[in-house]
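Below: the structure, in structure tokens.
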Amino acid sequence: MEDHTSQKLTWKQYLVVASLLFGLFFGAGNLIFPLHLGQLAGANWGSAAVGFLITGVLLPLLSVLAIAITRSEGVYDVGKPLGATFAVVFMILIHATIGPLFGTPRTATVSFTVGVAPFVPKNIQGPALLVFSALFFVLAFAFSYHQNNILSNVGKVLNPLFLALLFLIFVVAFVNPLGNPQTAAVTATYKHSALVNGFLEGYNTMDALAGLAFGVTVVTAVRSMGQKNPKNASKVVAKSGVVAMSAVGFIYLLLILMGAMSLGRFKVSDNGGVAFNQIVNEYGGAFGQALLAFLLTVTCLTTAVGLVAAFAQDFHKHFPKVSYHTWLALSCLASFLAANFGLDQIIAWSTPMLMFLYPLSMVLILLSCFSPLFKKDGVVYFWVILFTVVPALGDMVVAFPGVVSQSSFGLAVAAVRNTLPMASMGLSWLVPALVGLVIGLLVHWVKSKKTFNVSSEVE
């Protein structure tokens, strides 16, 4: 039934939703991966960018749409068609990944690597990171303790300043390019599979996972504007999302291009944080670097406050015996410890988890978006996830650093996993997932037909 209470939104309200989506998906950490991708892809930056935009822009938008269409209250509800146990485990894995294991520590290490490290002698960067991350997470804990709005209000002023500085860097970089992106050197892995590698690099943004965890914030905001009808809410999210994600995609494209151009002056860096650091120093000198350090740190701290608070709120909701403040303290402590492994190690160890979680998230997002077509039947979810989870585990093992992937166990898993189609591309789960979908839809169709025949006989 149509909900006649839904009001038509003004263009200003659409922009409010769009800015909320933009803020949700674009954090300071999102700077480093497209920039590094540009360096890796070189002259093949165009194909790599297409792949990156699929997982870094389109998929996060679909994750929020999935929340709206299924009327979910968070990531737990997205996994609920597979049962409460799966939903809780999936929620824990998502929050742990975007939270204290990888995502939240990255807010401290990115701000340190890009903003602070250039001013610190190399021989004391370890202790400096220890002190910086300790102060960083003490502040994050303090601002989250009373769910204070001070930092978010500061962020509303400084985030636009950060973006303004970023666009100033873009203008200078494109007026005075460091090199020609069309003739830039291409690394070995991007010579023949630039699109697929760009697709996989988009996993590092973690935005599809964030969309599942925080998408309810956007949907709640839309409903508070009078859009009570799920169809209308989905349309508002879609329209606003196109605006927001177009802006995110545009920034990603400029960063990828800037990364490719930087090869005219610099070698491929260890990570995008180092690359961004080099480019800012080249154009802005010490003053530009200092200004960037301040704005970047505040932007990262704003993101960290949102992440630790969301982790504590969700875990307290599902495990109420432990208080919000205890969960908050645990999240900050774990994030502090993980941050001190350094940015390179965080990226290296987060990649395997993302190789496992992203396929599961992708199929759950798509199933949620199209769930009205099969009446959200859990049997369809079951077969798709069953056929996705095993190869995704194989991709995870192979993606681990050598201590795991080159062990006898890792090599045995790789030998089995390599027999699957597209395994060499890191997409061994794709064909099995499609097979699971066909089986699931067939079982659903047979069930529906039996139900229809029984009801016809009763009549």
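The values are calculated or read from the model by the stated rules, or taken from the named source; none is laboratory data. Remember, it's a predicted structure, so these values are computed and weren't measured experimentally. Heads up, the Cβs are rebuilt from the backbone with ideal geometry, glycines too, and the neighbour counts pull from every protein chain shown. Please note that ligands, DNA and RNA were not included when accessible areas were found on the heavy atoms of the full protein model with its side chains. Shrake-Rupley method; radii C 1.70, N 1.55, O 1.52, S 1.80 Å.
Scan segment 310-365 residue by residue and report those that are touching a residue at least 60 places away in the same chain (Cβ under 8 Å), among the polar types (S, T, N, Q) and either in contact with a strand residue (DSSP E or B) (Cβ under 7 Å, 6 or more places away or on another chain) or more than 14 Å from T109 (Cβ to Cβ) (or both).
Passing the criteria: S331, T351, S361.
Give the residues of segment 26-46 that are aromatic (F, W, Y) and either touching a Ser or Thr at 6+ places or on another chain (Cβ under 8 Å) or free of Cβ contacts under 8 Å to residues at least 24 places away in the same chain (or both), sorted by residue number.
Once the filter is applied, which keeps residues that are aromatic (F, W, Y) and either touching a Ser or Thr at 6+ places or on another chain (Cβ under 8 Å) or free of Cβ contacts under 8 Å to residues at least 24 places away in the same chain (or both), segment 26-46 yields only F33.
Checking P121 against (1) buried (at least 18 other Cβ atoms within 10 Å of the Cβ); (2) farther than 18 Å from A208 by Cα, only one condition comes out false. Which one?
P121 satisfies all of (1) buried (at least 18 other Cβ atoms within 10 Å of the Cβ); (2) farther than 18 Å from A208 by Cα except (1).
When segment 281-297 is examined, which residues are found to be open to solvent by 20 Å² or more (accessible area, probe 1.4 Å) and under 22 Å from the mean Cα position of the chain (by Cα)?
Result: T297, single match.
I need the full set of residues from segment 98-115 which are among the aliphatic types (A, V, I, L, M) and crowded, with 21+ Cβ neighbours inside 10 Å, in order please.
Within segment 98-115, I98, A108, V110, V114 qualify.
Are there helices (runs of 4 or more DSSP H) fully within segment 373-459 with at least 1 residues that are modelled with pLDDT of 90 or more and open to solvent by less than 40 Å² (accessible area, probe 1.4 Å)? List them.
Helices (runs of 4 or more DSSP H) meeting the threshold: 378-399, 408-417, 430-458.
Have a look at G284, G264 and point out the one that is out of contact with any Pro (no Cβ under 6 Å at 6 or more places or on another chain), part of a helix (DSSP H, G or I) and of a type in the set (G, A, S).
G284
Looking at this structure, is L393 under 29 Å from G211 (Cβ atoms), without any contact (Cβ under 8 Å) to a residue 40 or more places away in the chain and of a type in the set (A, V, I, L, M, F, W, C)?
Yes; evaluated as a whole, the condition is true for this residue.
Given the residues A43, A48, which is the only one that is buried (at least 24 other Cβ atoms within 10 Å of the Cβ) and within 30 Å of A184 (Cα to Cα)?
A48
Answer yes if at least one residue in segment 1-24 is among the aromatic types (F, W, Y), surrounded by fewer than 24 Cβ atoms within 10 Å (Cβ to Cβ) and within 20 Å of the chain's Cα centre (by Cα), and no otherwise.
Yes, there is a match, as at least one residue in segment 1-24 is among the aromatic types (F, W, Y), surrounded by fewer than 24 Cβ atoms within 10 Å (Cβ to Cβ) and within 20 Å of the chain's Cα centre (by Cα).
Among the residues of segment 308-328, write down those that are among the charged types (D, E, K, R) and surrounded by 17 or more Cβ atoms within 10 Å (Cβ to Cβ).
The answer is D314, and nothing else.
If you go through segment 181-196 one residue at a time, do you hit one that is in a helix (DSSP H, G or I), modelled with pLDDT of 90 or more and within 23 Å of F25 (Cβ to Cβ)?
yes
Can you pull out every residue in segment 335-372 that is more than 20 Å from the chain's Cα centre (by Cα), surrounded by fewer than 17 Cβ atoms within 10 Å (Cβ to Cβ) and in a helix (DSSP H, G or I)?
L337, P372
Tell me the residue from F167, F162, F199 that is open to solvent by 70 Å² or more (accessible area, probe 1.4 Å), of a type in the set (A, V, I, L, M, F, W, C) and within 26 Å of the chain's Cα centre (by Cα), please.
Testing whether each residue is open to solvent by 70 Å² or more (accessible area, probe 1.4 Å), of a type in the set (A, V, I, L, M, F, W, C) and within 26 Å of the chain's Cα centre (by Cα) leaves just F167.
Taking segment 76-97 on its own, how many of its residues are among the hydrophobic types (A, V, I, L, M, F, W, C) and open to solvent by 10 Å² or more (accessible area, probe 1.4 Å)?
Selection size over segment 76-97: 8.
Kindly indicate whether I256 is in a helix (DSSP H, G or I), out of contact with any Ser or Thr (no Cβ under 9 Å at 6 or more places or on another chain), modelled with pLDDT of 85 or more and open to solvent by less than 60 Å² (accessible area, probe 1.4 Å).
In short, yes.
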